[in-house]
Amino acid sequence: MAEKSFLNHDKPWLTGFIMAAELEEAIGMVEKTIRDGGDSVAIEVTRLNPEFHNWEALTKLFAAAGDLPIYSCCYRSGYGEGKTDDEIAALSLLCLECGATLIDVMGDLYDPHP
């Protein structure tokens, strides 16, 4: 298996962008992305219900992507509302530990601007 990467791709990416509240719904969307020929998966993790913001659930979700690279993001939107920036940063790092290929860090992390 080749290493998951967003680099050195010879055509535009077809990416499934997942925003789901339930873990099984998100996994189903990842599987649909694969069936439809997607090149990568993007997951807005803070759209998942908070009970899925843990190692077990995120590892299961990211494993569903198989060989596809995973772009993960944790924002203040969705269930990120009310989280501190430290909590959002910790969730982003957890995504890396659970199998995300890259994380998107908010440009105003630790200095929020609308």
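The values are calculated or read from the model by the stated rules, or taken from the named source; none is laboratory data. The structure displayed is predicted, hence computed values, not measured ones. Because the Cβ atoms are built from the backbone with ideal geometry, glycine has one as well, and the counts that use them run over all protein chains shown.
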Before we move on, is L68 touching a residue at least 12 places away in the same chain (Cβ under 8 Å), within 26 Å of D108 (Cβ to Cβ) and either in contact with a helix residue (DSSP H, G or I) (Cβ under 8 Å, 6 or more places away or on another chain) or not hydrophobic (A, V, I, L, M, F, W, C) (or both)? no
Touching a strand residue (DSSP E or B) at 6+ places or on another chain (Cβ under 9 Å), surrounded by 12 or more Cβ atoms within 10 Å (Cβ to Cβ) and over 21 Å from L94 (Cβ atoms): does that describe I34? yes
Can you give me the number of residues within the stretch 43-70 that are under 27 Å from T84 (Cβ atoms), touching a Gly at 6+ places or on another chain (Cβ under 7 Å) and not hydroxyl-bearing (S, T, Y)? 4
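Which of the residues that make up the stretch 82-101 are aliphatic (A, V, I, L, M) and either over 16 Å from W55 (Cα atoms) or part of a loop (DSSP other than H, G, I, E, B) (or both)?
Within the stretch 82-101, A100 is the sole residue that qualifies.
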Exactly one of Y110, Y75, Y71 is surrounded by 13 or more Cβ atoms within 10 Å (Cβ to Cβ), at pLDDT below 95 and of a type in the set (S, T, Y), and that residue is Y75
Within the stretch 1-31, which residues are touching a Ser or Thr at 6+ places or on another chain (Cβ under 8 Å) and under 16 Å from T46 (Cβ atoms)? I18
Scan the stretch 3-19 residue by residue and report those that are in contact with an Asp or Glu (Cβ under 9 Å, 6 or more places away or on another chain), free of Cβ contacts under 8 Å to residues at least 40 places away in the same chain and either in a loop (DSSP other than H, G, I, E, B) or not β-branched (V, I, T) (or both). H9, K11, P12, W13, L14, G16, F17
Any idea how many residues of the stretch 82-104 are in contact with a helix residue (DSSP H, G or I) (Cβ under 8 Å, 6 or more places away or on another chain) and exposed (fewer than 15 other Cβ atoms within 10 Å of the Cβ)? 1
Among (1) surrounded by fewer than 17 Cβ atoms within 10 Å (Cβ to Cβ); (2) in contact with a Ser or Thr (Cβ under 6 Å, 6 or more places away or on another chain), the one test that D39 misses: (2)
Restricting to the stretch 32-52, give me the number of residues that are under 14 Å from the mean Cα position of the chain (by Cα) and under 16 Å from G66 (Cβ atoms). 5
Which of the residues spanning the stretch 1-15 are within 15 Å of A63 (Cα to Cα) and surrounded by 13 or more Cβ atoms within 10 Å (Cβ to Cβ)? K4
